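This is the structure I want to talk about, given as structure tokens.
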Amino acid sequence: MIEFECAVRELPHDTTLSAAGFEDGPKIDPLKLIFTYDSDEWETFVDEWVHSLTELYADVVRPTGSGDKGIDVAGFRDADCFLGDWDNYQCKHYARPLGFTDIAPEIGKILWYSFCGDYKEPKACFFIAPKGTTPTLDLLLGNASKLKAKVIEGWEKSISKRVTDKQVVELVGELSDYVNNFDFRIFSAPAARKVIEQHGKTRYHQRRFGGGLPPRPKSKMPPEEIETHERNYVDRLLEAYADHAGEAQISLAVNAASS
């Protein structure tokens with residue numbers, strides 16, 4: 001006969017569940033909740049977060065419609081907007097972690113349109129995805145020289161026909177020189193958990209994820225003896241009880257004996 005041992009882990013009992021907690025049940029982890037968003041809602045969520053970064057940005061815009069030139073949300077660090085210091089936020093809501101082929105066309109757009117002078121290259125370009133990135137892409141984003149080599153290697157297959165629908169963008173001539181001299185350290189992919197944490201400082205967070213008061217600590221057992229600073233309150237309380245009961249007086253001694 002095979003015997004199984006079950007290790008029972010005791011949960012902390014230092015808080016009391018509120019009435020709302022009983023009614024609504026446990027809250028859904030925000031990291032799981034964002035998986036249910038569609039692409040538009042995900043972009044709105046990121047836009048809310050970036051708008052809250054007032055210590056970084058003088059203004060924030062969210063281009064809409066086709067032809068966004070690789071920009072979902074832009075944070076401007078100065079009044080020069082796209083011709084000054086700015087950051088780009090690319091919102092990718094997929095059912096899986098991002099891989100290189102998912103972001104390659106977006107990198108290509110940043111390179112192409114900044115090369116053409118449509119905007120100055122951003123100081124940073126963040127790929128925001130609820131399920132993060134694959135380990136392979138993590139390593140690439142952490143090594144600018146390898147990321148550059150991968151972009152150049154995969155340009156024809158993964159980028160050239162996906163930058164614009166007006167032409168095939170070949171990596172030749174001055175564009176090739178521009179890409180070779182580009183600082184690929186601007187590309188990164190912050191963890192979704194960190195984004196949610198920072199979103200928690202916005203006025204939109206509670207509406208999205210709920211909140212309310214945290215569980216209150218369990219009440220301590222009342223002391224057997226009345227403290228001096230409690231005497232006046234207890235006397236008034238006993239007077240109210242006596243008046244309600246039609247008694248001349250209710251004493252603690254009588255109350256204790258009856259209990």
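The values are calculated or read from the model by the stated rules, or taken from the named source; none is laboratory data. Because the structure is a prediction, the values reported are computed rather than measured. All Cβ positions, glycine included, derive from the backbone under ideal geometry; neighbour counts span all protein chains shown.
I'm told ASN143 meets every condition in (1) touching a residue at least 24 places away in the same chain (Cβ under 8 Å); (2) surrounded by 13 or more Cβ atoms within 10 Å (Cβ to Cβ) except one. Can you identify the failing condition by its number?
Single failed check for ASN143: (1).
Now for a separate question. Show the residue pairs meeting these rules: Cβ distance below 7 Å; 6+ apart or different chains; first residue within region 231-245 and surrounded by 10 or more Cβ atoms within 10 Å (Cβ to Cβ); second residue among the aliphatic types (A, V, I, L, M).
Close Cβ pairs (under 7 Å, with a partner that is among the aliphatic types (A, V, I, L, M)) amount to VAL234/ILE226; LEU238/ILE250; TYR241/ILE250; ALA242/ALA248; ALA242/ILE250.
Just for helices (runs of 4 or more DSSP H) wholly inside region 1-96: which have at least 3 residues that are modelled with pLDDT under 95 and either over 25 Å from ARG203 (Cβ atoms) or not charged (D, E, K, R) (or both)?
Working: elements: 19-24, 30-33, 39-51.
It comes to 19-24, 30-33.
Considering only residues that are within 27 Å of the chain's Cα centre (by Cα), at pLDDT below 80 and outside any loop (DSSP other than H, G, I, E, B), which ones fall in region 204-239?
ARG216
While we're on this one: Here is a check on your reading of the model: is ILE107 modelled with pLDDT of 95 or more and either surrounded by 10 or more Cβ atoms within 10 Å (Cβ to Cβ) or in contact with a Gly (Cβ under 8 Å, 6 or more places away or on another chain) (or both)? Even if it seems obvious, please write down each step before you answer.
Numbers: modelled with pLDDT of 95 or more: yes; either surrounded by 10 or more Cβ atoms within 10 Å (Cβ to Cβ) or in contact with a Gly (Cβ under 8 Å, 6 or more places away or on another chain) (or both): yes.
Yes: the conditions hold for ILE107.
Okay, residues lined up against (1) in a helix (DSSP H, G or I); (2) touching a residue at least 60 places away in the same chain (Cβ under 8 Å); (3) over 24 Å from PHE82 (Cα atoms):
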residue	(1), (2), (3)
PHE115	yes, yes, no
GLU121	no, yes, no
PRO130	no, yes, yes
LEU137	yes, no, yes
LYS148	yes, no, no
TRP155	yes, no, yes
TYR178	yes, yes, no
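Considering only residues that are in contact (Cβ under 8 Å) with a residue 40 or more places away in the chain and either aromatic (Phe, Trp, Tyr) or surrounded by 11 or more Cβ atoms within 10 Å (Cβ to Cβ) (or both), which ones fall in region 167-176?
Step one: filter region 167-176 for residues in contact (Cβ under 8 Å) with a residue 40 or more places away in the chain, giving 169, 174-175.
VAL169, LEU175 - these are the residues of region 167-176 that are in contact (Cβ under 8 Å) with a residue 40 or more places away in the chain and either aromatic (Phe, Trp, Tyr) or surrounded by 11 or more Cβ atoms within 10 Å (Cβ to Cβ) (or both).
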